[in-house]
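Here is the structure we will look at, set down as structure tokens.
Derivation of every value follows stated rules applied to the coordinates shown; laboratory data play no part. Nothing here was measured: the structure is a model prediction, and the numbers come from that model. For neighbour counting, all protein chains shown are included, and Cβ atoms are generated from backbone atoms with ideal geometry for every residue, glycine included.
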Amino acid sequence: MQRFLPLLLLFLLGACSEEPRDFEEASIAELHDQMQRGELRVEQLTAWYLERIETIDAAGVTLNSIIEVNPDAIAIARSLDEEWRLSGPRGPLHGIPVVLKANIDTADRMHTHAGSLALASHQPPRDAFVVSRLRDSGAVILGKANLSEWANFRSTHSSSGWSSIGGQTRNPYDTARNPCGSSSGSAVAVAANLASVAVGTETDGSVVCPSGVNGIVGIKPTLGLVSRSGIIPIAHSQDTAGPMARTVRDAAILLTAMTGVDANDPASLAAPETVPDYTANLAADGLQGRRIGVLRSYTGAGSNPPVEALFEDSIAVLREQGADITDPVEIDTNGIDAAELEVLYYEFKADLNRYLEQSGAPVESLAAVIRFNEANAETVMPIFGQEHMLTAQTRGPLTEPEYEAALAASGAAMRERLTAVMDEHGLDALIAPTNGPAWMTDHVNGDNYRIGSSSFAAVSGFPNITVPAGFVAGLPIGLSFIGRAFAEKDLIEMAYAFEQASLARRPPEL
């Protein structure tokens with residue numbers, strides 16, 4: 001599998017003949033302004049990112065975030081340049097390089113494998129719905145990002161950001177530390193300026209945790225707002241794709257392009273038929289009069305005093321910007337974690353079997369994946385096993401009473417409790433720290449999660465957006481805004497106002 005384009009090939013293509021330019025931290029709007037003035041071509045921008053991937057990601061500090069680049073990226077960029085010349089841009093994403101998590105289908109010369117050697121040769125027959133939306137918007141699909149193998153639902157002792165195809169992705173703020181997962185490569189690529197924006201996927205924390213840990217913005221949308229068809233699944237009750245970017249505005253641009261009703265994803269039929277422009281009405285005063293509740297019952301609350309201090313500073317910023325703060329807001333999560341895991345076991349088996357069968361994958365079922373892993377244990381399981389897969393394989397069909405009971409005790413219960421609390425206090429959003437400082441990558445003991453708040457939104461299916469809030473010992477910490485179903489526009493407006501007031505994003509020193 002071709003992982004990156006040699007620089008020689010770029011020279012042969014004529015892509016590197018431009019004067020040296022630096023597009024680090026450039027926003028989508030800034031890039032489009034340069035294109036509009038004729039100072040920048042899509043081909044030039046695409047080539048700059050490809051060169052940076054080779055010199056920083058595949059070599060140099062070796063972040064290892066990009067698992068495969070698109071061999072057609074330069075050709076796509078050239079065609080978009082010609083289209084711009086003849087008829088103008090399609091919209092704000094025209095010519096913008098986007099990286100996709102490697103569990104998202106593309107019907108091109110790249111592969112979709114979730115980092116697993118069992119699917120290493122898999123080239124799906126059609127694009128995922130979100131990929132079709134991005135292509136229609138004029139985006140350049142730059143490449144695929146590494147991830148925690150099988151979106152971190154293989155082992156109870158996994159190392160986030162590790163896959164048997166891509167190896168270990170590294171945190172750009174400290175390469176000995178973990179990038180969190182499972183959308184590890186997507187987050188690192190954006191944080192390190194290897195792409196303008198990226199798409200990740202989340203079941204519980206897999207967009208917001210790596211976004212928080214790597215100092216970027218990540219949006220976990222309402223379940224169904226973004227189609228899941230053509231994405232290797234874990235569980236349809238919680239799965240969603242989501243945008244990842246360096247700024248709230250860029251994330252909002254990407255979300256607008258990704259959103260749409262898809263007849264092949266029943267959950268998307270509940271989404272608004274008219275796609276809103278999530279960048280509309282972004283203003284520095286977007287927190288004025290907003291009622292925000294402070295969650296104090298997140299995982300690891302009180303365990304890290306510097307994180308707590310940063311959280312208090314963030315609350316102070318919200319107050320200064322005109323928000324009405326209710327502190328604390330308590331939500332009973334008793335019994336939900338165990339029920340959530342049971343739902344994931346049942347749905348992983350059913351949903352993965354369906355995907356493998358329908359996509360023409362080289363393995364036909366979860367049972368076949370388990371057998372492949374066992375037969376190739378030295379390369380597939382050198383540092384952790386497949387305990388989650390083995391447990392999921394023992395579960396029966398989705399008609400079993402045990403599954404239905406777990407579903408009621410997880411998603412339904414969390415939605416009811418969140419809604420009741422928000423109604424009681426008249427809240428527009430809830431806030432909590434997204435993450436603690438990145439832990440040291442440990443291939444012996446696995447991940448060391450200590451602080452997180454993703455489950456509130458993940459289990460309920462409600463939206464969650466994380467924004468950089470500051471640093472602890474040089475490591476990024478995010479602030480999460482959690483809202484009601486399909487309240488993305490309001491959350492984005494609040495997150496934007498917080499971002500403008502705090503200005504906490506700082507790129508890694510590579």
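Computed values, structure above
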quantity	calculated
Placed amide H near Val197: partners under 5 Å, 5+ positions off or other chain	Val99
Region 222-343 - percent relative contact order, Cα under 8 Å, separation 6 or more	23
Whole-number percent relative contact order across region 399-480, with pairs defined as alpha carbons under 8 Å at least 6 apart	33
3J(HN,Hα) from dihedral phi, region 477-490, Karplus parametrisation 6.51/-1.76/1.60, rounded to Hz, x for glycine, proline	10, x, 10, 9, 10, 10, x, 6, 4, 6, 9, 4, 4, 5
Average Cα contact separation per residue, the chain, under 8 Å, 6 or more apart, as relative contact order %	17
Pair Ala368, Ala408: separation of 7 Å Cα→Cβ label points (nm)	3.7
Charge context of Gln123, other residues only, Cβ under 14 angstrom, K/R +1, D/E -1	-2
The chain - share of DSSP beta bridges that are antiparallel (%, nearest 5)	70
Karplus-derived HN-Hα couplings along region 221-237 (A = 6.51, B = -1.76, C = 1.60, θ = phi - 60°), whole Hz, x at Gly and Pro	x, 4, 4, x, 5, 10, 4, 9, 5, x, 10, 4, x, 10, 8, 5, 6
Charged-residue dipole, Cβ positions (Lys, Arg, Asp, Glu), the chain about Cα centre, Debye nearest 20	560
Overall form of region 129-252 per C-alpha gyration tensor (a/c, 1.5; a/b vs b/c)	oblate
Helix-only [θ]222 nm of the chain, DSSP H runs n ≥ 4, -39500 (n - 2.57) each, per residue, nearest 500	-10500 deg cm²/dmol
Backbone HN-Hα couplings from phi across region 397-404 [Karplus 6.51/-1.76/1.60, Hz, Gly and Pro as x]	x, 6, 8, 5, x, 4, 5, 4
Likely footprinting exposure, Val61, Val208, Val307, fewest C-beta neighbours within 10 Å first	Val61, Val307, Val208
Reachable lysines from Lys220, criterion Cα separation under 16 angstrom, eight or more residues apart if same chain	Lys101, Lys489
Sequence-distant residues sharing a close amide H with Val140 (under 5 Å, placed H)	Gly95, Ile96, Val98
Residues with amide H under 5 Å from that of Leu479, placed H, sequence gap 5 or more	Thr434, Val467, Ala469
Loop-located GluC sites (Glu not before Pro) in region 277-354, at most 14 other Cβ atoms within 10 Å (DSSP)	Glu330
